[in-house]
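Okay, so here's the structure we're looking at.
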């Protein structure tokens, strides 16, 4: 085995080592890029979860408040058809006047 190693010139040994090192560096860069992308997506997921979770918590709290208000004022249930009639007539009036639906 020593005879074989002695037969290979020193420059080819160095080139082989350089190629191995470059290959290792390329693999390390790929791993580094993969971890960087993974961390980015984890942070984006955390941020999205926090925003959506906060919005849903506020919405749920609003539903609880609206339900409590409805329970305290049962007469509002009978006013709903009249409110719907008022809303639809207002929307129809705005449509004929401006040719578009009001935002509110």
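The values are calculated or read from the model by the stated rules, or taken from the named source; none is laboratory data. Note that the structure is a prediction, hence the values are computed from the model and not measured. Glycine gets a Cβ as well: all are built from the backbone with ideal geometry, and neighbour counts include every protein chain shown.
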query: If you check residue 82 against the conditions, is it out of contact with any helix residue (DSSP H, G or I) (no Cβ under 7 Å at 6 or more places or on another chain), part of a helix (DSSP H, G or I), exposed (fewer than 10 other Cβ atoms within 10 Å of the Cβ) and at pLDDT 90 or above?
result: yes
message: When you scan the stretch 45-61, do you find a residue that is assigned to a helix (DSSP H, G or I), modelled with pLDDT under 95 and surrounded by 10 or more Cβ atoms within 10 Å (Cβ to Cβ), even just one?
response: no
- prompt: Can you find even one residue in the stretch 86-93 that is in contact with a helix residue (DSSP H, G or I) (Cβ under 8 Å, 6 or more places away or on another chain), without any contact (Cβ under 8 Å) to a residue 60 or more places away in the chain and assigned to a helix (DSSP H, G or I)?
  reply: no
